[in-house]
Amino acid sequence: MIKYVPELTDIVLEEVPGRVTLAVEISNCRGSCIGCHSPFLKDDIGEELTPEVVDRLIAANFGVNCFLLLGEGRDKDALLRIAAHLREHHPGIERAVYSGRPEVEPEIYAAFDYVKVGPYIAEYGPLNERTTNQRMYYHGEDITPRFWHKGIDTNR
Ligand code: SF4
């Protein structure tokens, strides 16, 4: 099971380049970033993110073309089930996940269109700074430089 925090669900324009993205915050984070922006996301909080919930959220936010999980939780199979559901039932919506781990398993790269990896390390900065250790991949291509000419905050 993976859980999300319903009250933090939002439409975002900057986390995924060129996409109108519906973003859900996933709890049970297994990261250990020093200077974590949301320590409460390490706790077992929120409600289960099921395929039915995903359907409801998408129906309530007509026009989005990307679904982003901010965090991956601790249940990889449940995460992959959500990705598979999106692929099968919402083919016009791209799938994105932000992981705080340095790398994720090949099946996660394969299941999502966009995968961001790397813990937040203050001295290297977030994704929109050239010194960042974090990386955003689109189907295996490193698209991190697309963030460098924008004054956006992706500090997560
Ligand atoms: S991935 Fe995000 S929530 Fe998890 S420890 Fe790092 S900053 Fe905190």
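When residue 134 is tested against (1) without any contact (Cβ under 8 Å) to a residue 24 or more places away in the chain; (2) out of contact with any strand residue (DSSP E or B) (no Cβ under 9 Å at 6 or more places or on another chain); (3) within 16 Å of the ligand (Cβ to nearest atom); (4) under 18 Å from residue 15 (Cα atoms), exactly one condition is not met: (2). For residues that are touching a helix residue (DSSP H, G or I) at 6+ places or on another chain (Cβ under 9 Å) and of a type in the set (Gly, Ala, Ser), scanning just region 61-108, find the one that is nearest to residue 135 (Cα to Cα). Going through the qualifying residues, I end up with 99.
Among residues of region 5-16 that are under 16 Å from residue 97 (Cβ atoms), those with a Cβ under 7 angstrom from a residue that is aromatic (Phe, Trp, Tyr), sequence gap 6+ or separate chain, pair up as 16/114.
Selection of region 1-20 for residues being surrounded by fewer than 15 Cβ atoms within 10 Å (Cβ to Cβ) and among the acidic types (Asp, Glu) yields 7, 10.
Residues that are touching a Phe, Trp or Tyr at 6+ places or on another chain (Cβ under 6 Å), surrounded by 13 or more Cβ atoms within 10 Å (Cβ to Cβ), over 21 Å from residue 144 (Cβ atoms) and among the small types (Gly, Ala, Ser) do occur in region 33-46.
Residues are listed down the side, and each one gets a yes or a no for (1) under 16 Å from the mean Cα position of the chain (by Cα); (2) at pLDDT below 95:
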residue: 58; (1), (2): yes, no
residue: 83; (1), (2): yes, no
residue: 101; (1), (2): yes, yes
residue: 109; (1), (2): yes, no
residue: 125; (1), (2): no, yes
residue: 154; (1), (2): yes, yes
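Which of the residues that make up region 62-97 are among the small types (Gly, Ala, Ser), crowded, with 20+ Cβ neighbours inside 10 Å and either within 15 Å of the ligand (Cβ to nearest atom) or over 23 Å from residue 28 (Cα atoms) (or both)? Listed by number, the residues that qualify are 71, 73, 96. Just so you know, in region 24-44 the residues that are more than 8 Å from the ligand (Cβ to nearest atom) and part of a loop (DSSP other than H, G, I, E, B) include one that is farthest from residue 125 (Cα to Cα), and it is 44. Scanning region 21-32 for residues being modelled with pLDDT of 95 or more and loosely packed, with under 14 Cβ neighbours inside 10 Å gives a total of 0.
Taking region 45-61 only, how many residues are in a helix (DSSP H, G or I) and either of a type in the set (Asp, Glu) or within 8 Å of the ligand (Cβ to nearest atom) (or both)? The number of residues fulfilling the criteria is 2.
The values are calculated or read from the model by the stated rules, or taken from the named source; none is laboratory data. This one's a predicted model, so the numbers in the text were calculated from it and none came from an experiment. Please note: Cβ atoms are built from the backbone with ideal geometry, for glycine as well, and neighbour counts cover all protein chains shown.
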